[in-house]
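These notes concern the structure reproduced below.
The values are calculated or read from the model by the stated rules, or taken from the named source; none is laboratory data. What you are looking at is a predicted structure, and each value in this text was computed from that prediction instead of being measured. When we count neighbours, we look across all protein chains shown, and the Cβ atoms used for this are built from the backbone with ideal geometry, even at glycine.
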Amino acid sequence: MTAIDSSLTAEELATQPDCWRRAATLAGTSAAALPRRGERIAAVGCGTSWFMAQSYAALREAAGQGETDAFAASEFPGARDYDRVVAITRSGTTTEVLTLLGALRGRTATTALTADPHTPVMTAADQVVVLDFADERSVVQTRFATSALALLRAHLAGDGAGGEGPGSVAKAAADAERALEEPLPEGLLTVDQVTFLGGGWTNGLALEAGLKMREAACFWTEAYPAMEYRHGPIAITGPGRAAWMFGELPEGLAGDIAATGGLLVAGSGAGGLDPMADLVRAQRLAVALATARGLDPDNPRALTRSVQL
Ligand code: F1P
């Protein structure tokens with residue numbers, strides 16, 4: 001085992017394929033707590049959990065299952081009416097999430113996804129789905145967040161019973177196994193900046209990849225919708241820097257990135273890795289960069305496991 005593999009963060013992120021499979025099974029048995037087709041939903045969370053909420057919202061709307069917004073828990077627009085609010089919180093103790101759930105009590109149905117069944121969120125939400133098998137000792141989140149998204153994906157696809165087609169959680173888990181084994185994309189350990197790009201549900205993944213590198217490695221990242229990138233942010237890309245696309249690259253973008261002299265990473269386009277498996281590669285890069293910079297990914301600067309105000 002190398003120094004990189006021996007961090008808690010590295011150990012936990014390597015268990016994601018199995019966690020996702022368990023999450024898909026749990027989707028089947030917890031369907032009664034999850035949004036019904038046609039409900040008007042808001043998904044909320046903080047930090048990593050907020051980005052998973054964004055990915056879920058885009059996936060649910062694209063699947064035609066109902067209007068779905070996503071908000072940072074602190075920015076929830078209290079004047080709007082929703083049929084249900086879905087809160088994602090690994091710790092079950094994040095102040096902004098608990099405050100929002102308290103304010104919604106008796107007014108809007110709430111469902112929480114959490115890792116720890118011994119926390120205040122268990123009584124703050126009307127219904128709770130517990131992914132205790134995906135809980136983490138690491139401050140920096142990896143497997144809880146992606147497992148929560150895997151559960152919600154499986155619920156949307158109705159494949160809790162084990163669907164295996166393209167876009168299924170089973171396929172994503174198999175791809176994540178590859179993402180854990182294959183060497184990281186050439187040249188990435190020596191760049192000094194990465195811009196992550198997404199589109200639709202992968203925008204949340206791009207934001208999460210950027211946050212992971214900042215949290216674990218204090219590394220400079222940015223994240224944008226891919227079609228926004230040419231409207232300014234591309235100016236940052238150049239020699240010794242990279243742009244990393246989650247999902248399919250928009251037409252012409254590869255050429256535009258090549259013209260900057262920057263490195264393009266695009267492993268989850270058509271026929272490639274499931275974008276969630278590509279996020280696993282970004283998590284691995286975050287740990288590798290932390291170690292290369294003499295930082296301990298298990299002790300991220302200025303961060304705590306949950307923010308309790
Ligand atoms: C959310 C969160 C994490 C972040 C940091 C502080 O926690 O913002 O995403 O990495 O550790 O807490 P939670 O509500 O999902 O427990």
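Restricting attention to the range 96-109, and to residues there that are of a type outside the set (Gly, Ala, Ser) and over 20 Å from the mean Cα position of the chain (by Cα), which single residue is farthest from the ligand (Cβ to nearest atom)?
107
Which residues, taken from the range 112-123, are surrounded by fewer than 22 Cβ atoms within 10 Å (Cβ to Cβ) and either modelled with pLDDT under 95 or closer than 15 Å to residue 45 by Cβ (or both)?
Those that are surrounded by fewer than 22 Cβ atoms within 10 Å (Cβ to Cβ) and either modelled with pLDDT under 95 or closer than 15 Å to residue 45 by Cβ (or both): 116, 119.
Here are 47, 66: which of them is within 16 Å of residue 152 (Cβ to Cβ) and modelled with pLDDT of 95 or more?
After ruling out the rest, the residue left standing is 66.
Which helices (runs of 4 or more DSSP H) sit wholly inside the range 110-198 and have at least 2 residues that are over 18 Å from the mean Cα position of the chain (by Cα) and free of Cβ contacts under 8 Å to residues at least 60 places away in the same chain?
121-124
Okay, residues lined up against (1) at pLDDT 90 or above; (2) among the β-branched types (Val, Ile, Thr); (3) assigned by TED's automatic domain parsing to the domain that holds residue 37:
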| residue | (1), (2), (3) |
| --- | --- |
| 152 | yes, no, yes |
| 155 | yes, no, yes |
| 166 | no, no, no |
| 170 | yes, no, no |
| 173 | yes, no, no |
| 176 | yes, no, no |
| 187 | yes, no, no |
| 190 | yes, yes, no |
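Yes/no matrix, rows are residues, columns are (1) part of a helix (DSSP H, G or I); (2) surrounded by fewer than 22 Cβ atoms within 10 Å (Cβ to Cβ); (3) assigned by TED's automatic domain parsing to the domain that holds residue 12:
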| residue | (1), (2), (3) |
| --- | --- |
| 248 | no, yes, no |
| 254 | yes, yes, no |
| 257 | yes, no, no |
| 264 | no, yes, no |
| 273 | no, no, no |
| 283 | yes, no, no |
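Within the range 74-94, how many residues turn out to be more than 20 Å from the chain's Cα centre (by Cα) and either more than 22 Å from residue 149 (Cβ to Cβ) or within 11 Å of the ligand (Cβ to nearest atom) (or both)?
Total satisfying the criteria: 5.
Return yes or no: is residue 69 away from the ligand (no atom under 16 Å from the Cβ), in contact with a Lys or Arg (Cβ under 9 Å, 6 or more places away or on another chain) and part of a loop (DSSP other than H, G, I, E, B)?
Considered against the rule, which asks whether it is away from the ligand (no atom under 16 Å from the Cβ), in contact with a Lys or Arg (Cβ under 9 Å, 6 or more places away or on another chain) and part of a loop (DSSP other than H, G, I, E, B), residue 69 comes out as no.
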